[in-house]
Amino acid sequence: MAYLEINDLQKDFAGLRVVKNFNLSVERGEFISFLGPSGCGKTTTLRMIAGFEAPSSGMIRIDGRDVVDLKPNQRNIGMVFQAYALFPNMTVDQNVAFGLKVAGRPKAEIDATVKEMLGLIKLDHLGSRYPFQLSGGQQQRVALARALAIKPKVLLLDEPLSALDAKIRVSLREEIRAIQNKLGITTIYVTHDQEEALSMSDRIVVMNEGRAEQIGAPFDIYNRPATRFVASFVGTLNLLRAVVADPTHGMVEIGRAKIDLGRQLPERKAGDPISVALRPEAVSLAAADGRSARLEGKVRDVSFLGSVIRVNVDVGGDRISLDTFNTPSTPPPVVGETAAVNFAPEDVLILDA
């Protein structure tokens, strides 16, 4: 049995179903991210796990116990919010100690836990300060320490880094993952930032319109998207119109070129329109080992970005975006010139038309 089990979870607001038949099994110590656009149901699902929202139907079980009818303070769950939610009239020490005091823990235990938590987040020298005397990143560390101090069964984080600047976000997400690994705590992390989800998670739940479109490891979510939405939402994607030429031998036509995909297309027939997709990193202007497929087009745009040069090539009315390293000895492509785009057939994703 999984440590956290969610079965057929649904939530209705004013007759509108915002979470639909959501199912998830989480092992003890796993780091799971809910990833999706605004309004897809990820925060509502998190709030149902926490007990702040009551499900319309379904079951939530933590460590073998059904918690649907339990209040938030009876679930032993730690919660970190986007807006920190620290008590402004309390010091850092007092904020971290708050949950322990409410639980009636002995003073010696509270003092020892506060010291341990502040050491864990590397803010043990700031225990006497108030939240207004801290930076945003420091405040979020204190919020994390407060959530961890009660030794929760599950840690929930609702877009905790979205209010911080990019550089702090990167360093703090590394710290959160390191702390989670050290404590081995089961964690659910809500984000709309795909880079956060891909870099931090053991598994990702990609959500769209209240449903889990795909659940899998970051590598599989990125490289083997199960639906068109997942393919387009996670990472950058080049979409090309194509027509099936020979489904038995995996031959498709893209513009005027025939491409052998090296695999059968059993659910297609000759003449079917399809969409194919390529990740930018799977495409190059120069021929390379394994990149036997080739399309020709015209360079439409060249952007110098320092270490890389982003090139857009028009192929039969569709655009392929790719990045090439900036090499001082090699001049970048020129807008208007003919260019050959090379890729490996196995890197082509086949989507619905």
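The values are calculated or read from the model by the stated rules, or taken from the named source; none is laboratory data. The structure presented is a predicted model; accordingly, all values stated were derived computationally and were not measured. Using ideal geometry, Cβ is built from the backbone for each residue, glycine included, and neighbour counts are taken over all protein chains shown. With ligands, DNA and RNA removed, areas are computed over all heavy atoms of the protein, side chains included. Shrake-Rupley method; radii C 1.70, N 1.55, O 1.52, S 1.80 Å.
Take the solvent-accessible surface of the protein heavy atoms, probe 1.4 Å, and return the percent of it on the chain that carbon and sulfur atoms account for.
50 percent
Based on the alpha carbon coordinates of the chain, what radius of gyration and maximum Cα-Cα distance (Dmax) apply, in Å?
24.8, 77
Antiparallel as a % of all DSSP beta bridges within the chain, to the nearest 5?
Close to 75 percent.
With no solvent and one point on each alpha carbon, what is the Debye value of log10 I(q)/I(0) for the stretch 139-293 at q = 0.11, 0.12, 0.14 Å⁻¹?
Debye curve over Cα of the stretch 139-293, log10 I(q)/I(0) at q = 0.11, 0.12, 0.14 Å⁻¹: -0.61, -0.69, -0.83.
If you take the C-alpha gyration tensor of the stretch 1-77, multiply each eigenvalue by 5 and take the square root, what semi-axes do you get, largest first, in whole Å?
Taking √(5λ) for each Cα gyration eigenvalue gives 19, 15, 11 Å.
Apply the Karplus curve 6.51 cos²θ - 1.76 cosθ + 1.60, θ = phi - 60°, to the phi angles in the stretch 267-273 and return the couplings in whole Hz, x for Gly and Pro.
9, 10, 10, 4, x, 5, x
For the stretch 41-47, take each phi angle, set θ = phi - 60°, evaluate the Karplus expression 6.51 cos²θ - 1.76 cosθ + 1.60, and give the result in whole Hz per residue in order, putting x for glycine and proline.
Those phi angles translate into x, 5, 5, 4, 5, 4, 5 Hz.
Counting each DSSP H run of 4 or more residues in the chain as -39500 (n - 2.57), what helix-only mean residue ellipticity at 222 nm follows after dividing by all residues, to the nearest 500 deg cm²/dmol?
So the helix-based figure for the chain works out to -7000 deg cm²/dmol.
Taking the full set of protein chains and a 1.4 angstrom probe, give the accessible area of Phe34 in square angstrom, rounded to the nearest 10.
Surface accessible to solvent at Phe34 totals approximately 0 Å².
To the nearest 10 square angstrom, what accessible area does Val243 show with a 1.4 Å probe?
Val243 has an accessible surface of roughly 60 Å² with all protein chains in place.
Charges on Cβ only, +1 for Lys and Arg, -1 for Asp and Glu, centred on the Cα centroid of the chain; of Ala277, Thr186, Ala293, which one is farthest towards the dipole's positive end?
Thr186
Using only the heavy atoms of the protein chains and a 1.4 Å probe, how would Ile77, Ile6, Ile168 rank by accessible area, largest first?
Ile168, Ile77, Ile6
Among 103-111, 223-231, 256-264, how do they line up from the highest to the lowest mean number of other beta-carbon atoms within 10 Å?
223-231, 256-264, 103-111
Separation of the stretch 205-252 and the stretch 1-60 by C-alpha centroid, Å?
Between the Cα centres of the stretch 205-252 and the stretch 1-60 lies a distance of 23 Å.
Taking θ = phi - 60°, what integer Hz values does the Karplus form 6.51 cos²θ - 1.76 cosθ + 1.60 yield along the stretch 22-38, in sequence order, with x for Gly and Pro?
Running phi through 6.51 cos²θ - 1.76 cosθ + 1.60 with θ = phi - 60° gives 7, 10, 7, 10, 10, 7, 4, x, 6, 10, 10, 10, 8, 10, x, x, 4 Hz.
Sort 303-311, 206-214, 277-285 for me by packing, meaning the mean count of neighbouring Cβ atoms within 10 Å per residue, highest on top.
Highest mean packing first, the order is 206-214, 277-285, 303-311.
In square angstrom, what is the accessible area per residue of the stretch 172-216 with a 1.4 angstrom probe?
Computed with neighbouring chains in place, this is 40 Å² per residue.
Quick check for you: with a 1.4 Å probe and neighbouring chains kept, what is the accessible area per residue of the stretch 50-128, in Å²?
So the stretch 50-128 comes to 55 Å² accessible per residue, rounded to a whole number.
Leaving out ligands and nucleic acids, note down the accessible area per residue over the stretch 1-41 with a 1.4 angstrom probe, in whole Å².
Solvent-accessible surface per residue comes out at 45 Å².
Please enumerate, by chain and number, the aspartates and glutamates with C-alpha under 18 Å from the C-alpha of Lys122, excluding those fewer than 8 residues away in the same chain.
Here the aspartates and glutamates satisfying the reach criterion relative to Lys122 are Asp93, Asp111, Glu174, Glu175.
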